[in-house]
1. To two decimal places, what compactness ratio does the range 76-178 give when its Cα radius of gyration is scaled by 2.2 N^0.38 Å?
2. Among 18, 78, 109, which one shows the biggest mean-square fluctuation in a GNM of the chain, springs joining Cα atoms closer than 10 Å?
3. Using θ = phi - 60° and the Karplus form 6.51 cos²θ - 1.76 cosθ + 1.60, what ³J(HN,Hα) does each residue of the range 126-131 get, whole Hz, x for Gly and Pro?
4. Of the accessible area of the chain, with the probe set at 1.4 angstrom, what percent is carbon plus sulfur?
5. Rounded to whole Hz and in sequence order, give me ³J(HN,Hα) for the range 101-114 from the Karplus expression 6.51 cos²θ - 1.76 cosθ + 1.60, θ = phi - 60°, writing x for Gly and Pro.
6. Please give the per residue accessible area of the range 25-178, computed with a probe of 1.4 Å over protein heavy atoms only, in Å².
7. How much accessible surface does residue 135 have with a 1.4 Å probe, in Å² rounded to 10?
8. If all Cα-Cα distances of the range 73-115 are sorted into 10 Å bins from 0 onward, what percent lands in each bin, rounded to whole numbers?
Amino acid sequence: TSYTWKRNTTLLTDTTSTLLVKGNDVLTAGTYNYSVILENAFGCLSDESVAIALKVSPKPSTPTISPITKTLVCGTDTRTITASSGGASYIWYRGDKLLKSTSSAITVTGRDTTVGGNYTFTVALQNSVGCASDYSTGITLQLFPTVPSKPTISASDKTTFCDGKSVILTSSYISSSN
């Protein structure tokens, strides 16, 4: 007794009653129909079985994140982080915090955190079958939720004067944690 397995119209090499199907058996994610034909000891063939549909996928390629030249992000300043394309959706992390965005680009502000500091962003892509890639190499941004207070200026003397006179301008500010 031997078996002839098929994936769609492709004959597979396994001739036993069981077939191990792995994600890397195919090059492209998709739905594949698997069927089998039995050959008995005399060489007689059965009718082909009813196919079973499996969604099969190789592991997607690991995405990359485009470099960012200005990594300091304060207050409402924004930076867009973009991952390479190829996914049906994307899984973004800031450190160990899962972010809500599933698109290939995210916009980050300094106010996305409550504590200023360095934060590393990574991304994985997910294909149409739901298989996820490995996570990208991270990109680190300095995020600060607040900006320094707006300084004030005071003049040491009159603000209208003629040649030969001068005034000293002094800036002051209220210190913040940033």
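The values are calculated or read from the model by the stated rules, or taken from the named source; none is laboratory data. Fair warning: this is a prediction, and the values are worked out from it, not measured in the lab. As a convention, Cβ positions derive from the backbone with ideal geometry for all residues, glycine included, and neighbour counts pool all protein chains shown. Note: accessible area is taken over every heavy atom of the protein model, side chains too, but ligands, DNA and RNA are not part of it. Shrake-Rupley method; radii C 1.70, N 1.55, O 1.52, S 1.80 Å.
1. So the range 76-178 has a normalised radius of gyration of 1.79.
2. Among 18, 78, 109, the largest mean-square fluctuation in the Gaussian network model of the chain belongs to 18.
3. 10, 8, 5, 7, x, 7
4. Percent of accessible area from carbon and sulfur atoms in the chain: 54.
5. Karplus values, whole Hz, x for Gly and Pro: 5, 10, 9, 6, 9, 10, 9, 10, 10, x, 7, 6, 10, 9.
6. Here the per-residue accessible area is 66 Å².
7. Its accessible surface works out to 100 Å², give or take rounding.
8. Taking all Cα pairs of the range 73-115, the binned fractions are 27, 52, 19, 2 percent.
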